[in-house]
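Let me begin by presenting the structure, written as structure tokens, before commenting on it.
Here, each number is a calculation from the coordinates, and none is a lab measurement. Keep in mind that what you see is a predicted model, and the values were worked out from it rather than measured. Quick reminder, even Gly has a Cβ in these numbers, built from the backbone with ideal geometry, and neighbours come from all protein chains shown.
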Amino acid sequence: MEWAVLTLTENATLVIKSITGVEGAPEGAGVRISQENPADPALAVTTTEAPQPGDQVVEEAGARVFLEHNAANALDDKILDAAVDDKGGVEFLLVPQPGAGHENGAAPTP
């Protein structure tokens, strides 16, 4: 069974690779997105060495995102974008995928 999954923009890919590819970081490090309570839209974003058991792994051009179960469900039809502000702070933004929906339950193949 296929389903929609979070996708990354080129900017998000570059930002994630820059923050997880620092010298001394383990191979395969990534950004983990988690959601404590499915009823609360708040998401936590952290860098981590590897996915935790049960995490969904999204890889795009060398950037790795690990999605905790609740976050994976909340973000399955979203696009993750990122920007760096003039002070070097990273800002992540989620937008709906064009045509995303659960009508057919399948994601377009890349």
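Quick notes on this one:
- Distance-filtered residues of segment 12-39 - backbone nitrogen under 13 Å, label point 7 angstrom along GLU49 Cα→Cβ: 24-30
- Each Cα pair under 8 Å and six or more residues apart adds its separation to the average, and for segment 25-103 the resulting relative contact order is 24 percent.
- Sites matching GluC sites (Glu not before Pro) across segment 1-91 that sit in DSSP coil, with at most 14 neighbouring C-beta atoms within 10 Å: GLU2, GLU23, GLU27, GLU36, GLU49
- FRET efficiency estimate (nearest 0.05) - Cβ-Cβ, GLU36 to ALA61, R0 30 angstrom: 0.50
- Hydrodynamic radius of the chain per Kirkwood, over alpha carbon pairs, in Å: 14.5 Å
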